[in-house]
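One structure is given here, and the rest of the page talks about it.
None of the figures in this text is laboratory data; all of them are computed from the coordinates on show. The structure presented is a predicted model; accordingly, all values stated were derived computationally and were not measured. Every residue, glycine as well, gets a Cβ built from its backbone with ideal geometry; the counts of neighbours run over all protein chains shown.
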Amino acid sequence: MNRPSRKLANLLAKVARKESISLKKPGKRTKAWRKFAAAAAVTIEALKNGPATTDAQA
């Protein structure tokens, strides 16, 4: 079963954990995870709000 909100929560926890242990600048993977998490958050919010409907079609 696809659970995007759980996947996002795990990803955010992973990024936070990586940033807390690291004493150096974030690497390519951490930056990529951050970028993916931001995009996933937008997608999940759109899914929660349901499909976009236009009243002009009625």
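Data overview
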{"item": "Efficiency of FRET from Cβ geometry, ALA41 and ILE21, R₀ 22 Å, rounded to 0.05", "result": "0.45"}
{"item": "Estimated FRET transfer efficiency when R0 is 25 angstrom, pair ALA32-ARG6 (beta carbons, to 0.05)", "result": "0.80"}
